[in-house]
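Reviewing the structure listed below.
The values are calculated or read from the model by the stated rules, or taken from the named source; none is laboratory data. Since the model is a prediction, treat every value here as computed from it, not as a measurement. Note: ideal-geometry Cβ built from the backbone for every residue, glycine included; neighbour counts use all protein chains shown.
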Amino acid sequence: MAVDVPGLVSVVVFYICILAIGVWGSRKSRKVEKKCTGTKSEISIIGGRNINVLVGVFTMTATWVGGGYIMGTAEAVYSPSQGLIWALGLPAYAANFLLGGLFFAKPMRSKCYVTMLDPFQNRYGKAFTATLLLPALVSDILWVACILSALGGTMSIILRLSSTVSIIISAAVSIVYTFLGGLYSVAYTDIIQLCFIFVSLWLCVPFLVLSPAVSIISHTPALNQSYESSWVGHLELMDAGKWVDELLLLALGGLSYQALYQRVLSAASSTQAQITCYAAAVTVFIMGIPSVVIGVVAASADWNQTDYGFPPPFERGDAGKILPLALQNLTPTWVGVLGIGSVAAAVMSSMDSALLSSASMFTQNIYKTIVRKQASERELQWVIRISVLLVGLAGTGLAFGGDSVLAFWILSGDLTYVVIFPQLVCVLHFRHVNCYGAISGFVTGLLLRGLSGEPVLGIPAVLRYPGWREENSVIVQYFPYRTVAMFASLLSIIIVSCLVDQIFHHQLIPQSWDFLKVFKKKNEPEEEEMPDASEEMKCALTTKF
């Protein structure tokens with residue numbers, strides 16, 4: 001089929017506008033660099049700690065409302081084996097921000113950190129911090145792949161444009177403006193992107209609901225009676241473990257993303273950081289409602305009355321593309337084009353954050369502190385830019401091989417939930433944990449998660465928890481195995497830290513055996529233990545913008 005030229009032109013114009021705003025944001029960043037007493041690299045990473053609440057809420061929400069959130073939610077609601085009850089993104093992301101505001105925003109912002117890894121570097125040193133970067137980096141790359149895969153599938157259906165071309169163009173635009181302007185470009189483009197997502201998706205809703213092919217949405221149509229359930233879905237006792245596991249993964253795993261703390265740390269104060277999180281909890285929930293409606297409408301539609309025909313998408317294996325299919329077949333062409341624009345906006349608003357996230361951690365916690373301690377600010381800025389490029393290329397390459405957006409979406413938070421989240425809880429809220437406990441927790445979490453298997457990556461399950469099933473010759477775990485691994489990691493950190501502390505405290509083994517030099521430094525003042533007020537004074541920028 002021929003490419004939809006008017007639709008393609010509309011998307012290109014949108015991309016040019018976003019790129020122009022990103023370039024403008026880079027100029028804003030350079031102006032701030034001239035006025036601000038902070039380092040140039042920190043301005044690129046956290047915007048000079050001068051991002052106001054409104055901009056912070058926009059950029060925080062836009063980061064989470066990505067292609068995975070929009071398309072993954074619609075896919076879950078539409079899929080007969082899942083339904084609305086499995087659309088976990090809305091409640092999980094809202095809980096993520098509420099918990100972030102209550103327990104994580106103030107400890108992070110009040111200590112004047114620059115990245116999520118800074119408290120680990122202060123407590124455990126450089127080597128373990130470098131190790132923690134690996135799961136965070138893998139998670140960001142999977143996140144990029146998830147959202148680009150969502151966009152490629154959408155454009156190929158609505159605009160009849162090659163998904164490969166769509167992915168490459170969209171990735172290039174995001175990489176360019178993130179490369180140029182850092183957090184300022186990301187934040188200002190997020191404002192436009194979020195507004196566009198909100199308007200375009202909600203505009204699609206009445207056209208979808210009033211489509212002639214859509215029956216009363218309280219029941220699925222006759223053609224879908226062979227499905228296991230209606231769009232409401234059902235949750236059997238044997239599936240409860242998997243449901244809880246995925247809910248906690250999305251809710252708590254998000255607390256281990258550098259993208260979250262990039263916005264928290266860019267706020268002018270701890271209070272503003274908390275307010276930003278609370279407001280984002282509301283807005284991210286609202287932004288997910290149109291995707292739920294699209295999934296409901298698609299499950300209630302008589303696809304035989306559309307150009308798509310029969311059998312319906314689920315029976316053809318197209319559930320992962322249900323959002324663009326619904327926009328293409330159940331709405332006028334121009335509405336479908338707006339829908340593709342909303343997905344494109346969502347993709348770029350999340351991708352730029354993931355790119356800057358990994359680049360920030362590598363530059364601040366690896367390159368600046370381990371590789372080149374004497375690096376100039378100009379050099380550090382170029383390291384950020386090159387890192388943005390490399391992470392973008394890695395995620396783009398992986399996006400070409402993904403079929404299910406929902407699977408990538410879940411997988412992107414897997415490592416952060418199992419490995420990084422328990423580490424972050426302990427380093428922020430448990431004063432007596434040490435590097436020995438942190439290492440044991442890291443190994444425990446990673447080992448248990450690996451032995452549990454991963455069907456998406458083709459890793460077989462060695463540990464088979466109660467309730468496992470064999471589906472299409474693959475072992476699928478229905479026990480909350482990720483949560484088991486997370487709690488095992490958490491307990492391991494605390495228990496081993498306490499045991500090692502007691503062993504050295506009572507001199508049960510010689511002090512010389514402390515090869516990590518943890519207890520030789522025990523009486524030295526640690527930066528994270530200083531009072532909040534003095535820390536706020538230390539990191540306050542004296543220049544007003």
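Some points to look at:
- Candidates Phe207, Phe128, Phe196 - the one that is at pLDDT 90 or above, in contact with a Phe, Trp or Tyr (Cβ under 8 Å, 6 or more places away or on another chain) and not in a loop (DSSP other than H, G, I, E, B): Phe128
- Unmet criterion (only one of (1) assigned to a helix (DSSP H, G or I); (2) closer than 21 Å to Leu411 by Cα; (3) in contact (Cβ under 8 Å) with a residue 40 or more places away in the chain; (4) hydrophobic (A, V, I, L, M, F, W, C)) for Phe104: (2)
- In the range 412-433, the residues that are under 15 Å from Leu142 (Cα atoms) form Cβ pairs under 6 Å with partners that are part of a helix (DSSP H, G or I) and among the polar types (S, T, N, Q), at six or more places apart or across chains, as follows: Ser412/Ser139; Leu415/Ser139; Thr416/Ser139; Thr416/Ser256.
- Here Thr396 meets the list (1) on the phi < 0 side of the Ramachandran plot; (2) not assigned by TED's automatic domain parsing to the domain that holds Ser291 almost entirely, failing just condition (2).
- Any hit, the range 118-125, residues being without any contact (Cβ under 8 Å) to a residue 24 or more places away in the chain and either in the same structural domain as Met348 (by TED's automatic domain parsing) or out of contact with any Pro (no Cβ under 9 Å at 6 or more places or on another chain) (or both): no
- Screening the candidates Gln507, Gln502 for the property of being surrounded by fewer than 15 Cβ atoms within 10 Å (Cβ to Cβ), closer than 28 Å to Val425 by Cβ and assigned by TED's automatic domain parsing to the domain that holds Ser440 yields one hit, Gln502.
- Candidates Cys146, Cys112: the one that is farther than 28 Å from Gly72 by Cα and either assigned by TED's automatic domain parsing to the domain that holds Ala76 or of a type outside the set (D, E, K, R) (or both) is Cys112.
- Here is the figure for the range 294-316: residues that are out of contact with any Phe, Trp or Tyr (no Cβ under 8 Å at 6 or more places or on another chain), in contact (Cβ under 8 Å) with a residue 40 or more places away in the chain and surrounded by fewer than 22 Cβ atoms within 10 Å (Cβ to Cβ) total 3.
- Put simply, of Val343, Val335 the only residue that is crowded, with 24+ Cβ neighbours inside 10 Å and in contact with a Leu (Cβ under 8 Å, 6 or more places away or on another chain) is Val343.
- Checked against the criterion of being hydrophobic (A, V, I, L, M, F, W, C) and part of a loop (DSSP other than H, G, I, E, B), the range 430-451 contains one or more residues that satisfy it.
- Some residue of the range 7-14 being at pLDDT 75 or above and among the polar types (S, T, N, Q): yes
- Filter result for Tyr184 (at negative phi, surrounded by 24 or more Cβ atoms within 10 Å (Cβ to Cβ) and among the aromatic types (Phe, Trp, Tyr)): yes
- Of all residue pairs spaced 6 or more apart or on separate chains, those with beta-carbon atoms under 8 Å, a first member in the range 199-212 that is in the same structural domain as Val65 (by TED's automatic domain parsing) and a second member that is surrounded by fewer than 20 Cβ atoms within 10 Å (Cβ to Cβ) and not in a helix (DSSP H, G or I) are Phe207/Pro332; Val209/Ile217.
- Residues that are without any contact (Cβ under 8 Å) to a residue 12 or more places away in the chain and either under 21 Å from Thr59 (Cβ atoms) or not in a helix (DSSP H, G or I) (or both) within the range 357-392 comprise Arg372, Lys373, Gln374, Ala375, Ser376, listed in sequence order.
- Any hit, the range 477-486, residues being modelled with pLDDT of 80 or more, outside the structural domain of Gly241 (by TED's automatic domain parsing), touching a Lys or Arg at 6+ places or on another chain (Cβ under 6 Å) and assigned to a loop (DSSP other than H, G, I, E, B): yes
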